[in-house]
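The values are calculated or read from the model by the stated rules, or taken from the named source; none is laboratory data. Note that the structure is predicted; figures quoted are calculated from it, not measured. As a convention, Cβ positions derive from the backbone with ideal geometry for all residues, glycine included, and neighbour counts pool all protein chains shown.
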Amino acid sequence: MLLSAVLHTYSLRYMLPAAVMLGTAPTYLLAWGCWRALSTVLPERLYRRGDDRLYTLYQSLVLFFFQHYTGVQIIMYGDLPKKENIVYLSNHQCTVDWIIADMMAVQQNALGHVRYVLKDGLKFLPLYGWYFSQHGGIYVKRSAKFNEKAMREKLRSQVKAETQMYLVIFPEGTRYNPGIPKVIADSQAFAMKEGLPVLKHVLTPRVKATHVAIDTMQDHLDAVYDITVAYEGTTTEEGQRKEAPSMAEFLCRECPRIHIAVERIDVKDIPKEQIFMRRWLHERFEIKDRLMTEFYEAADPGQRNKFPGEGHVAKLSMKRTVPSLLILTGVTAGMLCTETGRKLYINTWIYGTLIGCLWVSIKA
């Protein structure tokens, strides 16, 4: 009985934040729907600014749980400049990587500008899948199924509307997971086949989405942020690397610190032709691989679990997250206290999901 109570208490550590984040999604979608309807007579750029402000509201709630609730410490190496239009390139290890982009953007007051290049299958997520597309997210398929024309058209529409851009791309295309050695082996075999250096702690990057993004928006972008992320506590007692934390594990406070190395690269310093950009991108991942090797395998044990150079703690004030938590949970609770509100809430979940899935299927 005691063990069951302990396990139940442990599960609540992630069930509570998950329930709040999912539970406020219909409220957020209804608020966004009202803004979308009201802004139909306004210029596109004004709608985008309002959408970005609403997105900041919801993502601030997300950050309340992923930073303040978990108590995680964010150690950054390198300085972030003022807010600007960027492409964010990062290694990819787990679902928490998506939240790391928020943790970076909030430091620059650019949280609402975060948009993702996502795997195509994620477009069928209830409510979220459709909304991410409306917010400027781009769903892509890998290899021969990659639709370059569709991605360019969407990015051009964003540029035309003068949308502020914090476009997140994971060039590896899938997660680096030591628990699935075949993915790592296939990636290394691909590098050897292409005559590229083999990487140990990251996968071989694919250039298509990165090239299309930078090429299409080059006059709109200021820079590319080259991001390398490492999670503490991701090695076994024998020193072998293990899987990075899942969202549930992270919300259970199983990751004390995240280390983030950032390098800003001016967009004019990046090769324009795809063949040269491909080599440039691989070289950036070679640098990531060296950083990760130092993090996990430094000869001096005292130098492990940190990147070279001096890191500083990136703090986030409670004032940036608590108001969003109170607003969204308060409005949601108010809706659920009335019969009409409950019907609206449930119908938003049901019909929002069905219509959203239908919409993304037709657009595809």
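Scanning region 51-78 for residues that are small (Gly, Ala, Ser) and buried (at least 17 other Cβ atoms within 10 Å of the Cβ), we see that the one that is nearest to Pro17 (Cα to Cα) is Ser60.
Total residues in region 34-67 satisfying the condition of being under 23 Å from the mean Cα position of the chain (by Cα) and small (Gly, Ala, Ser): the figure is 2.
Counting only residues that are touching a helix residue (DSSP H, G or I) at 6+ places or on another chain (Cβ under 8 Å) and over 23 Å from Ala105 (Cα atoms), which one in region 152-176 is surrounded by the fewest Cβ atoms within 10 Å (Cβ to Cβ)? Among them, the one singled out is Arg152. Selection of region 247-273 for residues being exposed (fewer than 15 other Cβ atoms within 10 Å of the Cβ), farther than 17 Å from Ser90 by Cα and either in contact with a His (Cβ under 8 Å, 6 or more places away or on another chain) or touching a residue at least 12 places away in the same chain (Cβ under 8 Å) (or both) yields Arg253, Pro256, Lys272. When Pro17 is tested against the conditions (1) closer than 30 Å to Pro256 by Cα; (2) at pLDDT 95 or above; (3) not hydrophobic (A, V, I, L, M, F, W, C), the lone failure is (2). How about region 326-359: which of its residues are aromatic (Phe, Trp, Tyr) and out of contact with any Phe, Trp or Tyr (no Cβ under 6 Å at 6 or more places or on another chain)? Once the filter is applied, which keeps residues that are aromatic (Phe, Trp, Tyr) and out of contact with any Phe, Trp or Tyr (no Cβ under 6 Å at 6 or more places or on another chain), region 326-359 yields Tyr345, Trp349, Tyr351.
Looking at this structure, is Gly71 part of a loop (DSSP other than H, G, I, E, B) and farther than 27 Å from Leu221 by Cα?
Working: part of a loop (DSSP other than H, G, I, E, B): yes; farther than 27 Å from Leu221 by Cα: yes.
Yes.
Filtered by the rule that a residue be touching a Gly at 6+ places or on another chain (Cβ under 9 Å) and closer than 20 Å to Lys83 by Cβ, region 22-69 gives Arg48, Arg49, Asp51, Asp52, Arg53, Leu54, Tyr55, Thr56, Leu57, Gln59. Among the residues of region 131-148, is there at least one that is farther than 20 Å from Val96 by Cα, charged (D, E, K, R) and touching a helix residue (DSSP H, G or I) at 6+ places or on another chain (Cβ under 6 Å)? For region 131-148, residues farther than 20 Å from Val96 by Cα, charged (D, E, K, R) and touching a helix residue (DSSP H, G or I) at 6+ places or on another chain (Cβ under 6 Å): present.
Exactly one residue among Thr236, Thr204, Thr216 is touching a Lys or Arg at 6+ places or on another chain (Cβ under 6 Å), buried (at least 19 other Cβ atoms within 10 Å of the Cβ) and among the polar types (S, T, N, Q), and that residue is Thr216. The number of residues in region 315-346 being surrounded by 14 or more Cβ atoms within 10 Å (Cβ to Cβ), part of a loop (DSSP other than H, G, I, E, B) and not hydroxyl-bearing (Ser, Thr, Tyr) comes to 1. Looking only at region 280-309, filter to residues that are more than 19 Å from Tyr176 (Cβ to Cβ) and touching a residue at least 12 places away in the same chain (Cβ under 8 Å); which one of those is nearest to the chain's Cα centre (by Cα)? My answer is Lys306. For Val183, the conditions (1) aliphatic (A, V, I, L, M); (2) touching a residue at least 40 places away in the same chain (Cβ under 8 Å); (3) touching a Ser or Thr at 6+ places or on another chain (Cβ under 8 Å) are fulfilled apart from (2). Of all the criteria given as (1) within 26 Å of Gln108 (Cα to Cα); (2) out of contact with any His (no Cβ under 8 Å at 6 or more places or on another chain); (3) surrounded by fewer than 17 Cβ atoms within 10 Å (Cβ to Cβ), the one not satisfied by Gly302 is (1). Could you list all residues from region 86-102 that are crowded, with 21+ Cβ neighbours inside 10 Å and assigned to a loop (DSSP other than H, G, I, E, B)? Matches in region 86-102: Asn91, His92, Gln93, Cys94, Val96. Considering the conditions (1) out of contact with any Asp or Glu (no Cβ under 7 Å at 6 or more places or on another chain); (2) surrounded by 16 or more Cβ atoms within 10 Å (Cβ to Cβ); (3) assigned to a helix (DSSP H, G or I), Arg284 is excluded by exactly one of them, (1).
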